[in-house]
Structures are given as C-alpha cells and as structure tokens.
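Visitor: My questions will all concern the structure given below.
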Amino acid sequence: MADGALSPGVNLEAFSQAIAAIQALRSSVTRVFDCLKDGMRNKETLEGREKGFVAAFQESLHSVSRDLGELERLSNLVGKPSENHPLHNSGLLSLDPVQDKTPLYSQLLQAYKWSNKLQYHAGLASGLLNQQSLKRSANQMGVSAKRRPKAQPTTLVLPPQYVDDVISRIDRMFPEMSIQLSRPNGTSAMLLVTLGKVLKVIVVMRSLFIDRTIVKGYNENVYTEDGKLDIWSKSNYQVFQKVTDHATTALLHYQLPQMPDVVVRSFMTWLRSYIKLFQAPCQRCGKFLQDGLPPTWRDFRTLEAFHDTCRQ
C-alpha cells in the first residue's frame, strides 16, 4: 500500500524513506569523522598526502550535504499526524504563541503521562495486596463476636532481664554516674540517675524507650511522701528546669526504634556532659553566666556547652 498512513495525515512510504535517509546521514557523518581521524596517510610525498586528504574530506562533506537535503525533502512529504483523541478545550492551549511564558499545554501532557503511570502502579499494588491473606471481609467481621487483639510491636516487648542488662552496662560505662533501677508499677522501669554532685535525673521508661525525664538539683528531694520517685513535680531551680526542657528535646533527637539500647546509651552519654554544668564556659560568648544562668544547652553531636540564647 503505497499511500498508507500511520495515522490520518502521515505518508507511510515517505516515512520509511525518511528513516533510511536518517541512517544514510549518520553514515556520512561517521565517514567525515573517520577521515579526520585517519588524517594524511598512504602517500609517499607530503604534497600527495595533503591533496588526498583534502579530496577525501570534500567528498565526505558533499555526501553529508546531499543526505541532509534528501532528509529535509522527505520530512516535508511525511505530513503532520492529526490528533485521534478529543482534546476539547485543552487542545486550544497548544495554539498559544508564547509557549515559553505559559507552557500550560506541555505541563498538561506531562501531568497526563504521570497520571497514567500512577494508575498503572496502583493496579500493580492492588494486585499484590489482594494476594495477601490479611484481608477481612464484612461478613467475617460480623460473624466473629470478638475482635482479634491488636498485635503489639515486637520492639516494645522486651524481657525485663534484657532491660536490666542494658542499664547495668551503661552504669559501668560512666564511673561518675550512678543509676538506680526500680519497678514500682510492674514491668516498666524507672531510673534515678545521679550525676556526680551536680544533679539528679528521674527517667521514666517503657521497656527500653524513655518516656519522660525530670532533672533536679543534687540536694533536692526526688521522692514523694510514700517513698516513691516523684515524676510530676518540677525542680525549684530555674537552671534545672532549663536542663529538663533540653533533656526532653534530646529524647526527640535520639530516635532509633530498631535499636532502643543505642538510643538509651546515646542519651546517657549526652546527659553525662552536664558533669561540668557550673564549670564549663559558653563556647560562643565565653562567659560562665548569662542572665544569672550557666550554659544549660549541650550540643547533640559535639556535647559542647552553650547558653540557651547563644546556641541559635
């Protein structure tokens, strides 16, 4: 069929000839670069080599020019494909003469392509999910009188002996820090950390995850009237209230649910840097006191001391 069409308005025969012309043009360009690469060879005299090189190079350039002209001629015969799907009003966007300023039409086509990809991948994901055995039907939920208990994350359920071993190892790591572990409310541990003669910290834990910290002065009472650790009242001193706020920030910084023992060890290492709370100057201003307070902030990476206003 001599006048077939890929789509209305496209000449199939001219299209095939244009592809052949592109291949011929590529071959001609390759010969030009081969000629430049080979240079002047296979001639005895210098004049003969120069003439041979110039003649071969001119012949290659003429071939490129001839093939390029043939490709331009065939491109005019191919024709322009017509749209075989309705664009409605969006088709008018392609007629905008200032495409570089308002590329709405190209962005619309790009969004359409991404929409197709999203639909394709969503179909694949749906097929994979349907293969799983965790799907519940409405009938199954109606028949069972009891709901299946919600599975607890395995990382939270750690034996108390493992928690005790981790805390014991951390206690041995820092000689100037003593850690007392107690379980007044069952399996959840509570720690009383005494850092030298500087401060005391009450750490409320859930398995190996730290839920809450309260920092108080070394001479402050950390127990309630019934002899339990006081996890609610704040310190009477503003400096330790600041340190409590920074310790809460540190809990949000040190997050690694897959390895909670590393999180506890990192937090205790950071807490140990307060051993020189009243001796270390601010690393930015060099002062020991600012507004009557020592540097209460410790950098999470370098553990350097800063005043609360100097760290920003």
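The values are calculated or read from the model by the stated rules, or taken from the named source; none is laboratory data. Just so we're clear, the structure is a prediction, and the values are computed from it rather than from any experiment. All Cβ positions, even for glycine, are placed from backbone atoms using ideal geometry, and neighbour counts span all protein chains on display. When the accessible area is computed, the model is the full protein with side chains, heavy atoms only, and any ligands, DNA or RNA have been set aside. Shrake-Rupley method; radii C 1.70, N 1.55, O 1.52, S 1.80 Å.
Visitor: Give all pairs with beta carbons closer than 7 Å in which a residue from region 63-79 that is within 13 Å of A24 (Cα to Cα) meets a residue that is basic (K, R) and modelled with pLDDT under 85; count only pairs at least 6 apart in sequence or on separate chains.
Guide: Final answer for the pair search is none.
Visitor: Report, by residue number, each residue of region 98-136 that is modelled with pLDDT under 80 and open to solvent by 100 Å² or more (accessible area, probe 1.4 Å).
Guide: Listed by number, the residues that qualify are D100, K101, Q107, L128, L129, Q131, Q132, S133, L134, K135, R136.
Visitor: Among Q312, Q283, Q279, which is in a loop (DSSP other than H, G, I, E, B) and touching a strand residue (DSSP E or B) at 6+ places or on another chain (Cβ under 7 Å)?
Guide: Q283
Visitor: Kindly establish whether G91 is open to solvent by less than 100 Å² (accessible area, probe 1.4 Å) and at pLDDT below 70.
Guide: For G91, the condition - open to solvent by less than 100 Å² (accessible area, probe 1.4 Å) and at pLDDT below 70 - is met.
Visitor: From the list K228, K234, which residue is open to solvent by 90 Å² or more (accessible area, probe 1.4 Å) and touching a residue at least 24 places away in the same chain (Cβ under 8 Å)?
Guide: K228 is the lone residue from the list that is open to solvent by 90 Å² or more (accessible area, probe 1.4 Å) and touching a residue at least 24 places away in the same chain (Cβ under 8 Å).
Visitor: Has region 285-296 got at least one residue that is surrounded by 12 or more Cβ atoms within 10 Å (Cβ to Cβ), free of Cβ contacts under 8 Å to residues at least 60 places away in the same chain and among the small types (G, A, S)?
Guide: No, because not a single residue in region 285-296 is surrounded by 12 or more Cβ atoms within 10 Å (Cβ to Cβ), free of Cβ contacts under 8 Å to residues at least 60 places away in the same chain and among the small types (G, A, S).
So that you can scan it fast, the table gives a plain yes or no per residue for (1) in a loop (DSSP other than H, G, I, E, B); (2) of a type in the set (G, A, S):
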residue: A247; (1), (2): no, yes
residue: Q255; (1), (2): yes, no
residue: V262; (1), (2): no, no
residue: F267; (1), (2): no, no
residue: L271; (1), (2): no, no
residue: Y274; (1), (2): no, no
residue: F300; (1), (2): yes, no
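Visitor: Give me a count of the residues in region 237-261 that are among the hydrophobic types (A, V, I, L, M, F, W, C) and surrounded by 13 or more Cβ atoms within 10 Å (Cβ to Cβ).
Guide: Of the residues in region 237-261, 6 are among the hydrophobic types (A, V, I, L, M, F, W, C) and surrounded by 13 or more Cβ atoms within 10 Å (Cβ to Cβ).
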